[in-house]
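Novice: Just dropping this structure here.
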Amino acid sequence: MLMLTALVGLVIINASWQPAYAQAVVNNSDSMQQLLTSRIEVSAQTRAERLRAAQIGFSEVLVRLAGHVDVLEFEQVQAERRKASDYVIQYSYSRAQGKLYLVATFNRDRMVQLLREVGSSVWSGQRPTIMLWLAEPTAAGARSSTQLIARDSGHELLAGITEQAATRGL
């Protein structure tokens, strides 16, 4: 595995963005709809697979809305996770690259209410635009230097960073 020696900086470009702790979440926005929708790989279009995927999606959406994974530790959240399909307002299936996915959208009001009941923060649908400067050491003969990793470079670290950003709704 490549050794990452320097994370040059993380800059939030949109300075007006702030998480809205236990405040109203933006209504009827495309960004909120994306935060409430989860895409989970399934092996078949069966009820058992749909219920399993709904639980995974439920957890993903709660983490996106709360901004942290600690929300999954609350007993009430764990109990409601077992009833995750009750929170689904719409689902469909899609195929991509030979894989089958359940695409589930969760009820915004119920998800926010659950987060408030356990005393968790609730982030708004407005998320920051971020810029990440990522540097990696390179060996050039007797000298070593640092190379910036470009977004379109196809570098192996970028896939993980992009996946985590999507998981957090960024």
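The values are calculated or read from the model by the stated rules, or taken from the named source; none is laboratory data. It should be emphasised that the depicted structure is a prediction, and the values quoted were computed from it without experimental measurement. Note that we place each Cβ from the backbone using ideal geometry, even for glycine, and neighbour counts take in every protein chain shown. Keep in mind that these areas ignore ligands, DNA and RNA; they rest on the heavy atoms of the full protein, side chains included. Shrake-Rupley method; radii C 1.70, N 1.55, O 1.52, S 1.80 Å.
Novice: Would you mind finding the one in GLN45, GLN55, GLN34, GLN18 that is over 30 Å from LEU148 (Cα atoms), modelled with pLDDT under 95 and polar (S, T, N, Q)?
Specialist: Numbers: GLN45 fails: modelled with pLDDT under 95; GLN55 fails: modelled with pLDDT under 95; GLN18 fails: over 30 Å from LEU148 (Cα atoms).
Result: GLN34 is the single residue among GLN45, GLN55, GLN34, GLN18 that is over 30 Å from LEU148 (Cα atoms), modelled with pLDDT under 95 and polar (S, T, N, Q).
Novice: Any residue in the range 61-70 that is closer than 18 Å to SER94 by Cβ and among the aliphatic types (A, V, I, L, M)? Show your work before the answer.
Specialist: At the first step, the residues of the range 61-70 found to be closer than 18 Å to SER94 by Cβ are 61.
Filter again for among the aliphatic types (A, V, I, L, M), leaving 61.
Yes, the range 61-70 contains a residue that is closer than 18 Å to SER94 by Cβ and among the aliphatic types (A, V, I, L, M).
Novice: Give me the pairs, please: first residue somewhere in the range 36-48 and surrounded by 11 or more Cβ atoms within 10 Å (Cβ to Cβ), second residue anywhere and charged (D, E, K, R) and assigned to a helix (DSSP H, G or I), beta-carbon distance under 7 Å, and either six or more positions apart or on two chains.
Specialist: Within 7 Å, the pairs are LEU36/ARG108; SER38/GLU60; VAL42/GLU49; SER43/GLU49.
Novice: Answer yes if at least one residue in the range 123-142 is modelled with pLDDT of 75 or more and open to solvent by 60 Å² or more (accessible area, probe 1.4 Å), and no otherwise.
Specialist: no
Novice: For residues that are in a helix (DSSP H, G or I) and acidic (Asp, Glu), scanning just the range 40-87, find the one that is farthest from GLN113 (Cα to Cα). Step through it out loud before you land on a result.
Specialist: At the first step, the residues of the range 40-87 found to be in a helix (DSSP H, G or I) are 47-66, 69-73, 75-81, 84-87.
Next, only the ones that are acidic (Asp, Glu) stay: 49, 60, 70, 73, 75, 80, 86.
Working: GLU49: 26, GLU60: 16, ASP70: 17, GLU73: 17, GLU75: 15, GLU80: 12, ASP86: 14 Å.
Among those residues, the one meeting the criterion is GLU49.
Novice: Separate question: Which residue is farthest from GLU41 (Cα to Cα), if the candidates are limited to the range 60-119 and must be surrounded by fewer than 20 Cβ atoms within 10 Å (Cβ to Cβ) and among the aromatic types (Phe, Trp, Tyr)?
Specialist: Of everything passing the filter in the range 60-119, PHE74 is farthest from GLU41 (Cα to Cα).
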